[in-house]
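The values are calculated or read from the model by the stated rules, or taken from the named source; none is laboratory data. What you see is a predicted model, and the numbers here were worked out from it, not measured in a lab. Virtual Cβ from ideal backbone geometry, glycine too; neighbours counted across all protein chains shown. For accessibility, only protein heavy atoms count, side chains too; no ligands or nucleic acids. Shrake-Rupley method; radii C 1.70, N 1.55, O 1.52, S 1.80 Å.
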Amino acid sequence: MTSPDLRHHGDLDAEPGLLDFAVNVRGDQPPGWLRDRLVAAMDRLGRYPSAGDDLAARRAVADRHRRSPDEVLVLAGAAEGFALLPALRPRLAAVVHPGFTEPEVALRTAGVPVHRVLTTEADGHRLRPDAVPPEADLVVLGNPTNPTSVLHPAEVVRTLARPGRVLVLDEAFADAVPGETASLASADAPGLLVLRSLTKTWALAGLRAGYALGAPSLLTRLATGRPPWPVGTLTLEAVLACCQPEAVAEAEIAATELVAHRKWLVEELSGLPGVAVQQPAAGPFLLLRVPRGPQVRAALRAEGIAVRRCDTFPGLTEDHLRVAVRPPARATALVAALAQALADTAPGPEPDAAPGPEPDAAPEGVADAVDVPAVRPDARAGAGYGAGVGQEAGS
């Protein structure tokens with residue numbers, strides 16, 4: 001696999017015992033009503049998931065997005081949808097980065113050529129459709145994009161769709177945007193394949209629940225090679241429950257609260273010296289650029305705070321960090337710890353040079369001697385201040 005480490009994810013940064021700002025899951029556990037639904041469904045675990053269970057879940061998704069059930073494929077999390085992409089047999093895939101890295105992993109592992117389309121910080125990480133190779137017959141884009149938190153306008157995204165191309169939209173965080181503005185989940189466009197996740201909003205990361213939306217023929221191709229009973233009873237029940245109108249309304253309330261929490265966190269973080277916050281932001285996370293990123297991240301970890309390293313995203317550096325948006329009562333700890341980490345890792349003042357003997361005057365008629373180069377510091381691996389700070393498995 002090409003560098004950076006595309007298999008690194010936030011759960012590797014969020015070690016047990018740390019206050020977790022590395023993973024973008026809302027809440028520590030599913031809400032009570034959802035847990036009750038899942039507990040009740042456990043009595044059916046002695047039977048195989050049925051076609052009727054699958055149809056009920058697909059109907060719920062279809063009603064939520066004003067589509068037909070045959071345009072829905074229930075998945076074991078959106079990540080399964082990315083793992084299935086090679087079944088579409090693309091000749092050239094274009095993946096927009098910085099973005100979720102699993103699509104590229106799946107495609108490269110299957111031997112599919114991948115062209116990276118890099119957005120830039122100077123341009124606000126905006127999507128430039130003309131940067132996508134016209135010959136790419138599969139394009140992958142997150143909206144809002146992880147980790148930049150940029151929400152690309154629907155009309156701009158739609159220009160990437162065309163006959164003969166599959167446009168894969170990762171909308172894992174679309175339900176964290178009030179009104180789901182810019183979502184194409186209900187749109188009709190050639191080759192459009194939308195992947196949605198339920199694990200973030202409903203704290204189901206340990207269960208794996210999501211779905212794909214697209215033309216029936218496209219979904220049939222995507223599902224080629226799936227094993228029998230690819231999704232379990234509890235996942236089907238979760239999809240059915242989380243697509244009910246009451247659940248959708250609850251998610252909308254949570255998305256509105258998120259806007260206020262994110263605004264507070266942006267203001268607090270932007271006031272810290274040297275911290276740049278990528279704005280505007282639309283997701284449940286923020287992309288930061290800080291000085292001395294590895295040292296700052298290590299200092300945060302020492303204080304019990306986990307943040308997501310971002311040098312594993314193509315186009316970003318070791319000075320980029322991603323932090324999940326939490327309520328102010330919880331996020332205050334992050335702000336305080338980051339302020340202290342920045343202070344602790346700031347370089348100290350350069351010591352004054354010790355006065356040396358006055359140089360002898362050059363003899364009359366002799367030119368000044370050529371300056372002797374200063375001795376260079378040891379440049380060997382591991383030498384010098386901060387060597388190895390913040391490096392862990394997977395670096």
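Let me have the relative contact order for segment 188-271, percent, based on Cα pairs under 8 Å that are six or more residues apart.
23
Need one number: the % of Cα-Cα pairs in the chain sitting beyond the 38 Å mark.
27
Taking the solvent-accessible surface of protein heavy atoms with a 1.4 Å probe, what is the per residue accessible area of segment 216-258 in Å²?
47
Report the equivalent ellipsoid semi-axes for segment 71-153 in whole Å, largest first, defined as the square roots of five times the eigenvalues of the gyration tensor built from alpha carbon atoms.
Semi-axis lengths for segment 71-153 are 21, 16, 11 Å.
Under a point-charge model restricted to the Cβ atoms of Lys and Arg (+1) and Asp and Glu (-1), what is the dipole moment magnitude of the chain relative to its Cα centre, in debye to the nearest 20?
Dipole size: approximately 1900 debye.
Taking every alpha carbon pair in segment 1-68, what does the distance histogram look like in 5 angstrom bins from 0, in percent?
Pairs per bin, as whole percents: 3, 12, 10, 13, 14, 15, 15, 13, 5, 0.
If you count only protein heavy atoms with a 1.4 Å probe, what accessible area per residue comes out for segment 265-323, rounded to a whole Å²?
So segment 265-323 comes to 32 Å² accessible per residue, rounded to a whole number.
Of the peptides 114-122, 28-36, 134-142, how do they stack up when ordered by the mean number of other Cβ atoms within 10 Å, highest first?
Listed from highest to lowest mean packing, they are 134-142, 114-122, 28-36.
Kirkwood Rh over Cα pairs of segment 1-124 into Stokes-Einstein at 37 °C, 0.692 mPa s: D in µm²/s?
Approximately 179 µm²/s, per Stokes-Einstein.
Non-local amide H neighbours of L19 (under 5 Å, H modeled in plane, Pro and chain starts lacking H): which ones?
The answer is I305, A306.
Is the shape of segment 289-332 rounded, prolate or oblate, going by the alpha carbon gyration tensor and its root eigenvalues a ≥ b ≥ c, with a/c under 1.5 for rounded and a/b larger than b/c for prolate?
Oblate is the answer for segment 289-332, as a/c is 1.5 or above yet b/c matches or exceeds a/b.
In whole percent, how big is the carbon plus sulfur part of the accessible area of the chain, probe 1.4 Å, protein atoms only?
Carbon with sulfur: 56 percent of the solvent-accessible area.
May I ask for the angle, rounded to the nearest 10°, between helix 293-302 and the longest principal axis of the chain, with both axes built from Cα atoms and the value confined to 0 to 90°?
The two axes meet at around 70 degrees.
Find how many whole Å separate the alpha carbon centroid of segment 1-47 from the alpha carbon centroid of segment 232-305.
15
Would you mind estimating how fast segment 87-209 diffuses translationally, via Stokes-Einstein at 20 °C and 1.002 mPa s with the Kirkwood radius over Cα pairs, in µm²/s?
For these conditions, the coefficient is 145 µm²/s.
Go ahead and estimate [θ] at 222 nm for the chain from helices alone: -39,500 (n - 2.57) per DSSP H run with n ≥ 4, summed, over the residue count, rounded to 500.
Calculated mean residue ellipticity at 222 nm is -9000 deg cm²/dmol.
With the cut-off at 1.5 for a/c, could you classify segment 164-229 from its C-alpha gyration tensor as rounded, prolate or oblate?
oblate
Whole-Hz Karplus ³J(HN,Hα) for segment 260-270, in order, using 6.51 cos²θ - 1.76 cosθ + 1.60 and θ = phi - 60°, x for Gly and Pro?
The phi angles translate into 5, 5, 5, 4, 4, 5, 4, 5, 5, 6, 5 Hz.
Around V112, under 9 Å between beta carbons, what's the net of Lys plus Arg minus Asp minus Glu among the other residues?
For residues surrounding V112, the net value is +3.
Can you tell me the order of 308-316, 200-208, 180-188 when each peptide is scored by its average per-residue count of other Cβ atoms within 10 angstrom, highest first?
So the peptides 308-316, 200-208, 180-188, ranked by packing, come out 308-316, 200-208, 180-188.
Compute the accessible area per residue over segment 18-107, keeping the other protein chains in place, probe 1.4 Å, unit Å².
46
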